[in-house]
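Structure first, then comments.
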Amino acid sequence: MDQALGARTLRGSVSGTGRAVLSGVLVLVALALLWEGYKWAGQASGGTWPGTTLELPVRPDDRAMPHTWDVLATLFEPARRGGEEVLLVILGRAAFYTWRIALVGFLAGSLFGVALAVLVVRSRVAERGLMPYVVASQTVPVLAIAPLLISFSRREQLPIWLPVAFLSAYLAFYPVTIAAVRGLRSPAATATELMRSYAAPPRTVLLHLQLPAALPFLFPALRIAATASVIGAIVGELPAGQSDGLARQILSFASSFSAAPEKLFASVLVSALLGVLFVGLVALVERLVVPAPLRHTDPAERTGTPPAGATAAPAGAAA
């Protein structure tokens, strides 16, 4: 019986993954058709809006907007004149390097976010004291923090990837914290009272009631944190001067954009695919640990939990 249930669950997960992949491919095809349609219409009208003399926001020529098939073909051509390595191999290696740093930041930021949420839920003083700074932390630009972290790391002779991972964690922890606070408060009051009537210690309530109830809230935030950690890693690699990641490749191909715009678009495409694959990995973990009925319903509607803004705003106002 259990094996049959497990087989049905596995088939459902595979079917759901297949539908998600198919939807993603259809969206990519639609975007490619939109791109080519813009080029065709723009070139037919001489670079202006049809029936007007107003210029289009982006020139439809091959210098500004290369054909999608030219961008894809560039991935399988040598990246340098006279070189042997094709561009896809170089970008794939750089993407893997960036992803490893982003993964460290993602894990560190997510763990810190959950720990901070537990503290906030347990202590009203901590909520009033910390939540305004949690919200305010996201108003500080990453580009303002990066030079300070890199300078500190060099002075202390720390690994140069460490401040880049910190920037990824900095961008990842915020959505996780907000979602975890909502999720940890989502169990019904009757369930909490039942646990207390059995004299369950706070740790037991946390592990067996609050954290399982928080999972449907957490995973949407983790998907956001995954993309944010990739962005943090790419942005952090530039001031860190790291030459092995995607940021260096993007910068290099941006400098030669006028001669070979396809390479810059290809590097941007690989960066986007890296974020999509990271989100897909998080979604796969979600399918394994969160039951399907909980994934397919809005946790806020199911529990009546107020929106995130309604959770954070009173704390800031109280402070």
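The values are calculated or read from the model by the stated rules, or taken from the named source; none is laboratory data. Just so you know, these numbers come straight off a predicted model, no measurement behind them. Accessible surface areas use protein heavy atoms only, side chains included; no ligands, DNA or RNA. Shrake-Rupley method; radii C 1.70, N 1.55, O 1.52, S 1.80 Å.
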Fully extended contour minus Cα-Cα distance, from R19 to S256, at 0.36 nm per residue: 81.5 nm
Could you please put K263, K39 in sequence from largest to smallest accessible area, using a 1.4 Å probe? K263, K39
Taking Cα atoms only, helix 308-318 is inclined relative to the longest principal axis of the chain by an angle, in degrees rounded to 10, of 70 degrees
How many Å³ per residue does the convex hull of the Cα positions in the chain occupy? 214 Å³
Note to self: with every protein chain in place and a 1.4 Å probe, the stretch 9-158 gives an accessible area per residue in Å² of 65 Å²
What is the helix-to-structure angle for 124-137, meaning the angle in degrees between its Cα long axis and the longest Cα principal axis of the chain, kept from 0 to 90 and rounded to the nearest 10? 0 degrees
So what's the back-of-envelope 222 nm ellipticity for the chain, counting only DSSP H runs of four-plus at -39500 (n - 2.57) apiece and dividing by all residues, rounded to 500? -25500 deg cm²/dmol
On the accessible surface of the chain, probed at 1.4 Å with all protein chains in place, carbon and sulfur together account for a percent value of 69 percent
